[in-house]
Amino acid sequence: MSRLKALIRPSVRCIVHRRYCSTERVTNALVTEYRNDIFEEEKRRQQGMVRRLEKIEVVHVGPNDPGTFIMNKNLSTPYHCAMHISENYTKYSALALVNGEPWDMWRPLTEDCELSFMRFRDEDPEEANKAYWRSCALILGAVMETAFKDTFYVQLSRAPELTIIKGMFVYDVDLGLKNWTATKDNLRSLSLSATTMKSKDMPFERLEVDPSVALRLFQHNQYKQREVEERVRGGRVTLYRMGKFIDIHDGPMMSKSSLVSMFTVAGIHELPGGLYRVQAVALPHDFYLHNSVWNRLVKRASVPLVGDLSTAGAEESLRETRSLAA
């Protein structure tokens with residue numbers, strides 16, 4: 001960690017730190033503005049490295065609307081290609097496949113490629129579903145960072161990636177509190193915040209950065225600093241931004257927040273060590289459930305999730321899912 005921190009430009013770090021932190025108490029709102037300044041600075045720097053426009057050939061190989069597009073290398077994205085096909089592709093595509101690899105809709109294309117689009121109702125929606133749950137976890141993180149205004153300084157820890165069959169997503173957070181129990185009104189308020197947030201139709205922007213940039217960006221979060229340190233071996237750290245919320249994740253994510261329909265924060269449980277696990281469930285925008293079935297899914301997602309998160313309770317969750325579908 002000390003070696004990486006030495007890579008941070010001291011002058012820039014001090015200027016930004018003074019701007020947001022020295023004269024005022026550190027709050028999530030101030031830190032959010034600080035992070036976005038760094039994100040924008042790095043985004044402009046990377047775009048400025050594209051000295052001249054190079055063209056690439058993108059062949060749409062989906063089952064409908066085949067075609068070939070001449071796009072800009074390192075600038076054009078699958079979303080831009082979708083705009084050349086029809087509004088349905090921009091509105092309903094959750095993820096792209098680029099030469100067979102799952103690819104963010106807003107991630108620039110880097111070479112000649114074959115392109116197709118994935119929706120949640122595809123015959124094989126596995127990759128789209130995975131991206132959906134990851135993205136919902138990021139929305140949940142954004143909710144928790146903003147929900148308490150300036151009352152508490154919230155530090156997000158991690159969003160453990162669960163098997164889809166669990167039927168929920170989670171985010172572990174440090175609220176700076178001990179022995180706090182969320183009330184039904186608390187959960188309802190958080191759910192309303194999530195509903196408002198997802199309705200803003202915000203894209204999930206991807207930006208790969210040097211670890212030194214990630215350390216600058218997350219210098220006010222001890223857990224994210226630790227995560228950056230763990231990811232150094234890969235040489236780059238992948239960031240995602242939704243609105244003004246920025247987080248670390250390998251992705252890929254779904255196209256935009258409005259692909260979520262129903263969103264409920266089902267439970268918050270204190271973990272050993274002082275973190276809280278926030279558990280939630282959400283439904284994609286073009287799926288519909290009877291209210292009684294949705295309430296059963298929310299009830300299941302409210303049960304404290306402990307143990308090995310990758311496998312714990314999978315069989316029970318599968319039986320429950322089958323009974324709900326029956």
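Each value in this text was obtained by applying a stated rule to the coordinates, not by laboratory testing. Because the structure is a prediction, the values reported are computed rather than measured. Heads up, the Cβs are rebuilt from the backbone with ideal geometry, glycines too, and the neighbour counts pull from every protein chain shown.
Other residues lying with their Cβ under 9 Å from the Cβ of Val154 contribute a combined charge of -2, Lys and Arg counting +1, Asp and Glu -1.
In the chain, a dipole from Cβ-located charges (positive for Lys and Arg, negative for Asp and Glu) runs towards its positive end, and of Val170, Leu30, Asn291 it is Leu30 whose Cα lies farthest in that direction. With one equal scatterer per alpha carbon and no solvent term, the Debye-computed log10 I(q)/I(0) for segment 102-252 at 0.11, 0.12, 0.13, 0.19 1/Å reads -0.49, -0.58, -0.68, -1.37.
Kirkwood radius for segment 65-163, taken over all pairs of different Cα atoms as the inverse mean of 1/r, rounds to 15.5 Å. Here segment 267-297 and segment 146-181 have alpha carbon centers that stand 12 Å from each other.
When only alpha carbons of segment 105-187 are considered, Rg and Dmax amount to 17.3, 55 Å. Modelled spin labels at Thr151 and Val303, positioned 7 Å past Cα toward Cβ, are 3.0 nm from each other. The calculated FRET efficiency for the pair Thr68 and Asp286, based on their C-beta separation and a Förster distance of 22 Å, comes to about 0.15.
For segment 226-278, taking Cα atoms only, Rg and Dmax work out to 14.9, 38 Å respectively. Computed from phi, the 3J(HN,Hα) profile of segment 255-272 under the Karplus parametrisation 6.51, -1.76, 1.60 (θ = phi - 60°) reads 5, 7, 5, 6, 6, 9, 9, 8, 8, 10, 7, 8, x, 9, 10, 6, 9, x Hz, with x in place of Gly and Pro.
Among the lysines of segment 101-212, pairs that are 8 or more positions apart or on different chains and have alpha carbons within less than 20 Å of each other number 6. The aspartates and glutamates whose alpha-carbon is closer than 19 Å to the alpha-carbon of Lys299, local same-chain residues fewer than 8 away aside, are Asp185, Glu270, Glu315, Glu316, Glu320. Rounded to the nearest angstrom and listed largest first, the equivalent-ellipsoid semi-axes of segment 204-311 from its Cα gyration tensor are 30, 20, 11. Our summary of shape: the Cα atoms of the chain have principal axis extents of 61, 58, 33 Å, ordered from largest down, in whole angstrom.
Note on the chain: helix-only mean residue ellipticity at 222 nm, from DSSP H runs of 4+ residues weighted -39500 (n - 2.57) and normalised by residue number, equals -11500 deg cm²/dmol.
A simple packing score, the average count of other Cβ atoms within 10 Å per residue, orders the peptides 157-168, 47-58, 206-217, 268-279 as 206-217, 157-168, 268-279, 47-58, with the highest score first.
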